[in-house]
1. If packing is taken as the average count of other Cβ atoms within 10 Å, what order do 58-64, 12-18, 30-36 fall into, highest mean first?
2. Students often get this wrong, so check it: of 32/186; 163/328; 163/203; 163/258; 186/315, which have C-alpha atoms separated by over 25 Å?
3. What list of ³J(HN,Hα) couplings, whole Hz, do you get for the stretch 312-322 from phi and the Karplus terms 6.51, -1.76, 1.60, once you set θ to phi - 60° and write x for glycine and proline?
4. Taking the Cβ of residue 149 as the center, what net charge do the other residues with Cβ under 10 Å away carry, scoring Lys and Arg +1 and Asp and Glu -1?
5. Where Lys and Arg each count +1 and Asp and Glu each count -1, what net charge lies around residue 187 among other residues with Cβ under 9 Å from its Cβ?
6. Let me check I've understood the local charge: for residue 201, count other residues with C-beta under 12 angstrom from its C-beta, Lys and Arg +1, Asp and Glu -1. What total comes out?
7. Can you compute 3J(HN,Hα) from phi for each residue in the stretch 135-150, using the Karplus curve 6.51 cos²θ - 1.76 cosθ + 1.60 with θ = phi - 60°, rounded to whole Hz and x for Gly and Pro?
8. About its Cα centre, how strong a charge dipole does the chain have in debye, to the nearest 20, once Lys and Arg get +1 and Asp and Glu get -1 at the Cβ?
Amino acid sequence: MINCVFTVDYEIYGDGKGSLRELVYKPAEKLKAVFGKWNAPLVVFVEAAELEIIGSEHADPAIDLVERQIREFHEEGLEIGLHLHPQWYNARRNDAQWQLDYSEYNLCRLSPDRIDQIIDRSIAYLRKVLGAPSFNPLSFRAGNWLLQPTGPAARSLAGHGIKVDSSLFKGGIQRQHKLDYRKSCKNGHFWEFSEDVNVPDPKGILLEIPTYTEMSPIWKMITAKRIGLQQKDPAKTPHQQKRLARLMDFLRFRFPKKLDFCRLTAAEMIRMFDREMEKDRRDPNVFRPIVAIGHTKDLVDLETVDSFLSYLREKGVPVSSFREVHAKIARRDERS
C-alpha cells in the first residue's frame, strides 16, 4: 500500500539573500490553496533558526506576515515540522549582507551540549510563534540533508520528542561534508535507527522516512527546469574548491533523483510513481510511504503540483502527513 507525503522546506536562499514575502509567504500561500483544492495534507518544514534571527535583527518587514502564516497553517491542521540550518544562530548582518557561522553548518558535528542548545532554541521559537507552549514537532529535516555522524543529534532529537526524520535521501553523497547515504539503498521504505541513519536498528530511537529517490543516469538530471532553478539560487554558485568537490559527487553512472515537485515536471513525477505503483501491484502487502519534497523558494510551477495531485486522486493513492504515516507504522508494529 502506497501513501504519499508532501513536504515543503519553508525558507529563503541558503546565504540569506532574498525576500521573505517573495520566497516564503507568497509561494506557501499558493501551495496551501492547491492542497486545499484537493483536501490533501502538507507537511511544512519551518526553518526555525533562519526565521528567528531575521526577526531578531528586524532584517525583513515580512517576518510578521510569515509568522502569522505559520500560526494559520498550524490552526488549519497542517503539520509543522522542524527544519534547521544551525549556521544562522551566530549570524551577523553587515551592510545589509548576512555573515553566517559556517563552523556550525553541520548540526551533527557540534558538541552534544551545543546540539541540545540549538534544538531547544528552535523548538522554543516554534512554540512562541504558534502561541502553543506545549507544541512539539513530530518530524525533522536537517539543513542540507546532513544527519551524519548521526548518534548525538539523533539522541537529542528523540529526547526533545521528535519521532520521525526525513533528512536522508537514498544514494546521496556529499564528499565536502562527509555525507554518504549510499548504504541506505538496500533498506526498505522506512526503518528505525540510532547511531547511523543508514543502518536499520530494531530498537532505534527515531524512525527514518526518507525523501523518495530513484537512481537515474546523470544526463537525465540535466533539464531546463532544473538548470533554471539552479541559476536562480545565489547560494548555489560555489567557490572553485567546492565546485570540484561537488563535481566528484556527480561522477558516477547513476545519481539519486529526488521526487521534487519544484524541480521535476509532472510527467517525470508520474513516470517515477508509475514504477512504484507497479512494485505495489506485485507486492501489495508492503507499506510504502513515498515522500515528495519542494522548497518555497523554488516554487514557480503550481500546475505540476496540481497535475500530480490529480494523478494521485485518480489512482486512489492517499496523501498523508507524517503523523498519519507514523501512526500506521506503529499499528503495524503492534500487530506483528
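Read-outs: derived from the displayed coordinates by stated rules, not from any lab. Just so you know, these numbers come straight off a predicted model, no measurement behind them. When we count neighbours, we look across all protein chains shown, and the Cβ atoms used for this are built from the backbone with ideal geometry, even at glycine.
1. Working: 58-64: 14.4, 12-18: 19.0, 30-36: 16.1.
Per-residue mean Cβ counts within 10 Å order the peptides as 12-18, 30-36, 58-64.
2. Details: 32/186 35 Å; 163/328 13 Å; 163/203 13 Å; 163/258 23 Å; 186/315 27 Å.
Violating the 25 Å Cα-Cα cut-off are 32/186; 186/315.
3. Values, residue by residue: 4, 4, 4, 7, x, 8, x, 9, 10, 8, 4 Hz.
4. Numbers: positive: 109, 178; negative: 195, 196.
That sum, taken over residues with Cβ under 10 Å, equals 0.
5. Working: positive: 170, 183, 186; negative: 208.
Local net charge: +2.
6. On the way: positive: 203; negative: 192, 195, 196, 208.
The answer is -3.
7. Coupling constants for the stretch 135-150: 5, 9, x, 7, 10, 9, 9, 6, x, 6, 6, 7, 10, 9, x, 7 Hz.
8. Numbers: 52 positive and 47 negative charges, 235 e Å.
With Lys and Arg at +1 and Asp and Glu at -1, about 1120 debye.
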